[in-house]
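Student: What follows is a structure written as structure tokens; I'll ask about it next.
The values are calculated or read from the model by the stated rules, or taken from the named source; none is laboratory data. In this text, all values refer to a predicted model and were calculated from it rather than measured experimentally. Note that we place each Cβ from the backbone using ideal geometry, even for glycine, and neighbour counts take in every protein chain shown.
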Ligand SMILES: Cc1ncc(COP(=O)(O)O)c(C=O)c1O
């Protein structure tokens with residue numbers, strides 16, 4: 001009965017892991033959502049917006065106030081001095097819809113899209129739903145660097161776009177300016193668009209500033225920069241994302257967005273403008289809090305017997321369990337849930353084909369200190385629970 005475009009999708013491994021974790025009452029370090037709230041003033045702004053009557057459809061591509069706040073932020077933080085609220089900004093239902101609307105706007109069936117892997121779980125299905133053929137480029141353990149010759153080999157005259165994500169889920173990699181310049185040079189050479197998911201832009205633990213590929217020479221006209229409020233304001237349930245793109249691409253994104261969802265929630269957009277206007281100390285504090293959580297949790301993983309490299313950004317850590325167990329990643333995560341009660345995501349779910357990442361598990365650390373400590377203590381029992389003294 002089902003159309004072929006969805007027939008081959010299996011249920012998201014992340015959601016499946018969440019279900020099993022619930023059954024065993026496990027601490028879930030799988031799915032990427034914080035166990036804490038947005039700032040009080042942002043929550044208050046949302047309640048006020050509802051009370052003040054912002055309850056009907058907003059302008060399809062986003063309220064003027066939110067688009068202006070986004071354009072201001074893109075000029076100041078992302079280095080895009082040309083960003084204009086009316087010409088370049090589209091607000092969607094999460095970065096998730098931004099990515100889908102962007103691909104729908106750009107891709108014809110048979111076009112190729114270059115994607116680094118391990119990759120954020122949605123990119124594969126996004127490409128398939130829009131008829132794109134993914135061309136995978138490996139990011140290599142342990143520092144998640146890529147081989148520029150492999151990247152070049154993935155480009156062809158059929159390449160329409162490259163998807164990149166910095167800071168990166170699941171690896172924590174923060175692409176260097178030099179790496180982004182290599183990607184940009186290939187985009188210019190092959191007349192391809194860079195689609196840059198920067199949703200973790202403020203969670204960067206390096207001493208290098210966040211670099212948006214759109215700010216590099218010759219890239220303003222061929223880049224879609226995607227971000228959102230989910231991660232920066234711990235508001236994953238608000239479903240607010242945005243894309244900033246040249247006017248010609250923006251026109252296509254807006255058409256796709258209009259027919260997909262009409263618009264994002266109006267009162268939350270009003271609150272989103274207030275969120276983006278928070279003082280710089282909020283954004284610095286966000287990074288510091290996550291760095292603290294990373295430094296709290298990663299040593300537990302090391303003591304439990306995982307091989308890890310502390311991530312440079314985002315709020316995930318990829319851990320290699322091959323010194324602990326010879327199981328494959330899916331069985332390992334199941335055993336970890338059943339025996340010590342901690343859930344992560346099997347590494348293969350970030351790969352295509354799925355025979356890669358079989359010794360990896362991704363943990364997320366957007367959790368309160370007590371939750372991370374409790375998970376860490378449980379993991380101390382893992383070696384024994386696996387019958388591995
Ligand atoms: C890289 C990346 N992009 C996008 C998303 C989803 O963002 P949103 O909640 O804005 O749809 C996530 C969520 O985990 C993510 O990790």
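Student: Taking the residues in region 349-377 that are in contact with a strand residue (DSSP E or B) (Cβ under 8 Å, 6 or more places away or on another chain) and assigned to a helix (DSSP H, G or I) as candidates, determine which candidate is nearest to residue 293 (Cα to Cα).
Tutor: Ranking the qualifying residues of region 349-377, first place goes to 371.
Student: Please pick out the residue among 249, 253, 195 that is within 14 Å of the ligand (Cβ to nearest atom) and either surrounded by 19 or more Cβ atoms within 10 Å (Cβ to Cβ) or on the phi > 0 side of the Ramachandran plot (or both).
Tutor: Values: 249 fails: within 14 Å of the ligand (Cβ to nearest atom); 253 fails: within 14 Å of the ligand (Cβ to nearest atom).
That would be 195, the only listed residue that is within 14 Å of the ligand (Cβ to nearest atom) and either surrounded by 19 or more Cβ atoms within 10 Å (Cβ to Cβ) or on the phi > 0 side of the Ramachandran plot (or both).
Student: Further question: Taking the options 278, 268, name whichever one is more than 20 Å from residue 363 (Cα to Cα) and not in a helix (DSSP H, G or I). First the steps, then the outcome.
Tutor: On the way: 268 fails: not in a helix (DSSP H, G or I).
Criteria check complete, one pass: 278.
Student: Sticking with this structure for a sec: So for region 81-93 (the condition being in a helix (DSSP H, G or I), within 30 Å of residue 294 (Cα to Cα) and more than 16 Å from the ligand (Cβ to nearest atom)), does at least one residue qualify?
Tutor: Applying the first criterion (in a helix (DSSP H, G or I)) to region 81-93 yields 85-88.
If we keep only those that are within 30 Å of residue 294 (Cα to Cα) as well, we get none.
Scanning region 81-93 turns up no residue that is in a helix (DSSP H, G or I), within 30 Å of residue 294 (Cα to Cα) and more than 16 Å from the ligand (Cβ to nearest atom).
Student: Can you confirm whether residue 145 is exposed (fewer than 15 other Cβ atoms within 10 Å of the Cβ) and within 19 Å of the chain's Cα centre (by Cα)?
Tutor: Values: exposed (fewer than 15 other Cβ atoms within 10 Å of the Cβ): yes; within 19 Å of the chain's Cα centre (by Cα): yes.
The answer is yes for residue 145.
Student: Is there a residue being within 16 Å of the ligand (Cβ to nearest atom), over 24 Å from residue 114 (Cα atoms) and not assigned by TED's automatic domain parsing to the domain that holds residue 231 anywhere in region 366-379?
Tutor: The initial filter retains those residues of region 366-379 that are within 16 Å of the ligand (Cβ to nearest atom), namely 366-367.
Retained after the next criterion (residues that are over 24 Å from residue 114 (Cα atoms)): 366-367.
Going one step further and asking which of them are not assigned by TED's automatic domain parsing to the domain that holds residue 231, we end up with 366-367.
Yes, region 366-379 contains a residue that is within 16 Å of the ligand (Cβ to nearest atom), over 24 Å from residue 114 (Cα atoms) and not assigned by TED's automatic domain parsing to the domain that holds residue 231.
Student: Name the residue that is nearest to residue 270 (Cα to Cα), counting only residues in region 36-64 that are under 22 Å from the mean Cα position of the chain (by Cα) and loosely packed, with under 13 Cβ neighbours inside 10 Å.
Tutor: Per the stated criteria, the residue is 37.
Student: If we keep just the residues of region 229-245 that are near the ligand (Cβ under 8 Å from one of its atoms) and at negative phi, which is surrounded by the most Cβ atoms within 10 Å (Cβ to Cβ)? Step through it out loud before you land on a result.
Tutor: Applying the first criterion (near the ligand (Cβ under 8 Å from one of its atoms)) to region 229-245 yields 229-231, 236, 239-241.
Next cut, at negative phi only: 229-231, 236, 240-241.
Working: 229: 29, 230: 22, 231: 25, 236: 18, 240: 26, 241: 24.
Filtering region 229-245 for residues that are near the ligand (Cβ under 8 Å from one of its atoms) and at negative phi, the one surrounded by the most Cβ atoms within 10 Å (Cβ to Cβ) comes out as 229.
Student: Among (1) part of a loop (DSSP other than H, G, I, E, B); (2) more than 19 Å from residue 227 (Cβ to Cβ), there is one condition residue 288 misses while meeting the rest; what is its number?
Tutor: (1)
Student: Restricted to region 94-115, and to residues that are over 22 Å from residue 169 (Cα atoms) and surrounded by fewer than 21 Cβ atoms within 10 Å (Cβ to Cβ), which residue is nearest to the ligand (Cβ to nearest atom)?
Tutor: 104
Student: Could I ask something else about it? What single numbered condition from (1) surrounded by fewer than 18 Cβ atoms within 10 Å (Cβ to Cβ); (2) in contact with a strand residue (DSSP E or B) (Cβ under 8 Å, 6 or more places away or on another chain) fails to hold for residue 173?
Tutor: Only one criterion is unmet by residue 173, namely (1).
Student: Answer with yes or no whether residue 76 is over 30 Å from residue 317 (Cα atoms) and away from the ligand (no atom under 16 Å from the Cβ).
Tutor: On the way: over 30 Å from residue 317 (Cα atoms): no; away from the ligand (no atom under 16 Å from the Cβ): yes.
No: the conditions fail for residue 76.
Condition check ((1) assigned by TED's automatic domain parsing to the domain that holds residue 260; (2) in contact with a strand residue (DSSP E or B) (Cβ under 7 Å, 6 or more places away or on another chain); (3) more than 25 Å from residue 279 (Cα to Cα)) across all residues:
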{"position": "15", "(1), (2), (3)": "no, no, yes"}
{"position": "64", "(1), (2), (3)": "yes, no, no"}
{"position": "84", "(1), (2), (3)": "yes, no, no"}
{"position": "113", "(1), (2), (3)": "yes, yes, yes"}
{"position": "116", "(1), (2), (3)": "yes, yes, yes"}
{"position": "121", "(1), (2), (3)": "yes, no, yes"}
{"position": "124", "(1), (2), (3)": "yes, yes, yes"}
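Student: Report, by residue number, each residue of region 198-212 that is crowded, with 21+ Cβ neighbours inside 10 Å and away from the ligand (no atom under 16 Å from the Cβ).
Tutor: Scanning region 198-212 gives a single hit, 211.
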